[in-house]
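Reading through the structure tokens given below for one structure.
The values are calculated or read from the model by the stated rules, or taken from the named source; none is laboratory data. The structure presented is a predicted model; accordingly, all values stated were derived computationally and were not measured. Cβ atoms come from the backbone with ideal geometry, glycine included; neighbour counts cover every protein chain shown. Heads up: the accessible areas ignore ligands, DNA and RNA and are worked out on the full protein's heavy atoms, side chains in. Shrake-Rupley method; radii C 1.70, N 1.55, O 1.52, S 1.80 Å.
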Amino acid sequence: MLLMAAVTLKAQLLYKISGKGLTEPSYIVGTYHLAPASFVDSIPGIRQAMDNCQQVYGELAMDKMLDADSVAMMQKALLLPDGMTIDKLLSADEMGRLNAYMKEVMGMDMTHPLVGQQMNKMSPVALSTTLTMLSFAKKSPTTDLQNLLDQCFQKEALAQGKSVGGLETMAFQTQVLYSGKTLERQKELLMCLVDNAKFMGEMEDGVIKAFFAQDLEAIKAAMDMKLNNSCDSTPEEEADLIDNRNANWLTKMPGIMASKPTLFAVGAGHLPGEKGVLNLLRQAGYTVEPVSGPQLQ
């Protein structure tokens, strides 16, 4: 029985949040940003949680991502400054290594006119993100990138006339993900992706396998894999990407939950660990328990 309880605790993406004056519980579910929407029914208890909640909050409000201001902001963040291109930013040797990696991932490189036209003006961090998504798509060719798990919770809420919201604004997330690093650091990290394809692939595979096994501890372990060189995120970069955002969400979640029972759908990597959202909620005085398992201590 203890072994079964331990397995249940590990294999869990959905948690109920109660106590501290809440009249009705809220829920939080960990997502993977490239998981298909069809995976939703593999999460025990999720449909009941969705029915019990009157609103859904994600990292971003998806319905606002396509407004003109958001699109313009994102387009600007994804591009290099005017007059600059990747082939000017990288040395000839670096460009050769990038092209070899691109050919492996997408079958074409910057020497192809259409690829060069579309991707040579991308910032290094935007190019890294795009190539990571293409690598995932190559491994999972049946995944519809227009119909992913993150969006499905908010889409369903809107279809039922429920409200949706975001814990962050597009401006904030754009700054954290795309504009917060110098071009030199972006370039370094792009070449880290190119030069360590095997390691990066193993890390990505580890996160994917752990997510579909619904194992938060394994997700964190995969995310914490290190090369032990400058390719690893600095403590400041890790804090900006995960810990500081978690702490910021905890300043907003109490008021959101007090207003209406809420389903929060955020990246699963934000949930585990001492500075993870689950532990921060407990430290704030809430009871946090897996929906289909025993209460977490």
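Can you tell which of Ala222, Ala239, Ala77 shows the greatest fluctuation in a Gaussian network model of the chain with Cα springs below 10 Å?
Ala239
If I take every Cα pair under 8 Å that is 6 or more residues apart in the chain, average their sequence separation and divide by the length, what percent do I get for the relative contact order? Can you show the working numbers first?
Details: 393 pairs, mean separation 111.4, N = 297.
Worked out over the chain, it gives 38 percent.
What are the ³J(HN,Hα) couplings of the stretch 34-44, residue after residue, when phi is run through the Karplus curve with 6.51, -1.76, 1.60 and θ = phi - 60°? Round to Hz, x for glycine and proline.
Working through the residues one at a time gives 10, 6, x, 4, 4, 6, 3, 7, 8, 8, x Hz.
Compare Asn52, Asn147, Asn228 in a GNM of the chain, Cα atoms joined below 10 Å, and give the one with the largest fluctuation.
Maximum among the listed residues: Asn228.
Quantify how much of the Cα-Cα distance distribution of the stretch 84-240 extends past 25 Å, in percent. Don't skip to the answer; put the middle values down first.
Numbers: 5005 of 12246 pairs.
Every Cα pair in the stretch 84-240 considered, those over 25 Å come to 41 percent.
Kindly provide the pair-distance distribution of the stretch 186-236 built from C-alpha pairs, with 5 Å bins from 0 and whole-percent values in order of increasing distance.
Percent of pairs per bin, in order: 4, 21, 26, 23, 16, 9, 1.
Please give, to one decimal in nm, the separation of the simple spin-label points placed at Lys252 and Asp63, each 7 Å out from Cα toward the Cβ.
1.6 nm
If you take the Cα Rg of the chain and divide it by 2.2 N^0.38 Å, with N the number of residues, what do you get?
Rounded to two decimals, the normalised Rg is 1.05.
In square angstrom, rounded to the nearest 10, how much accessible surface does Ser163 have for a 1.4 Å probe?
So the heavy atoms of Ser163 present about 40 Å² to solvent.
Grab the other residues whose beta carbon is less than 15 angstrom from that of Val176, score K and R as +1, D and E as -1, and report the net.
Working: positive: Lys181, Arg185, Arg245; negative: Glu59, Glu168, Glu236, Glu237, Glu238, Asp240, Asp243.
Charge balance near Val176 sits at -4.
Pick from Thr251, Thr287, Thr31: which residue has the top mean-square fluctuation in a GNM of the chain where Cα pairs under 10 Å get a spring?
Thr251
So if I take the centroid of the Cα atoms in the stretch 159-207 and the same for the stretch 44-63, what is the distance between those two points in Å?
Answer, in whole Å: 23.
Counting Lys and Arg as +1 and Asp and Glu as -1, each charge on the Cβ, what is the dipole of the stretch 60-176 about the Cα centre in debye, to the nearest 20?
Once rounded to the nearest 20, the dipole reads 140 debye.
So which cysteines in the chain don't have a second cysteine's C-beta under 4.7 Å from them?
Cys53, Cys152
Give the separation of the Cα centroids, the stretch 78-136 to the stretch 224-251, in Å.
Between the Cα centre of the stretch 78-136 and that of the stretch 224-251, the gap is 25 Å.
Which value in nm describes the separation of the simple spin-label points at Asn147 and Ser179, placed 7 Å from the Cα toward the beta carbon?
The two pseudo-label positions are separated by 3.5 nm.
Would you work out the charge dipole size for the stretch 143-297 about its Cα centre, treating the Cβ of every Lys and Arg as +1 and the Cβ of every Asp and Glu as -1, and quote it to the nearest 20 debye?
Roughly 580 debye, rounded to the nearest 20.
With all protein chains present, how much of the accessible area of the chain (probe radius 1.4 Å) comes from carbon and sulfur, to the nearest whole percent? Walk me through the numbers before you get to the answer.
Working: 8480 of 14900 Å².
Percent of accessible area from carbon and sulfur atoms in the chain: 57.
For Lys209 and Thr85, FRET efficiency with R0 = 41 Å and r from the beta-carbon atoms, rounded to 0.05?
0.65
Based on the alpha carbon coordinates of the stretch 1-116, what radius of gyration and maximum Cα-Cα distance (Dmax) apply, in Å?
Looking at the stretch 1-116, its Cα Rg and Dmax stand at 22.7, 64 Å.
A 23 angstrom limit on the alpha carbon distance is what I want to check against. Which of Lys20/Lys260; Lys162/Lys220; Lys155/Lys220; Lys103/Lys198 exceed it?
In this structure, Lys162/Lys220; Lys155/Lys220 exceed 23 Å between Cα atoms.
Suppose the Debye formula is applied to equal point scatterers at every Cα of the stretch 108-161; what is log10 I(q)/I(0) at q = 0.25 Å⁻¹?
Taking Cα atoms of the stretch 108-161 as identical point scatterers yields -0.99.
Hey, can you find the accessible area per residue of the stretch 67-146 for me, probe 1.4 Å, expressed in square angstrom?
About 58 Å² of surface per residue is accessible.
Pull up the cross-link candidates among the lysines for Lys76, meaning alpha carbon to alpha carbon under 25 Å and not fewer than 8 places away within one chain.
By straight Cα distance, Lys76 reaches Lys64, Lys88, Lys121, Lys181, Lys187.
Which value results for Rg/Rh of the stretch 214-273 when Rg is the Cα radius of gyration and Rh the Kirkwood radius based on the inverse mean 1/r?
Rounded to two decimals, Rg over Rh is 1.07.
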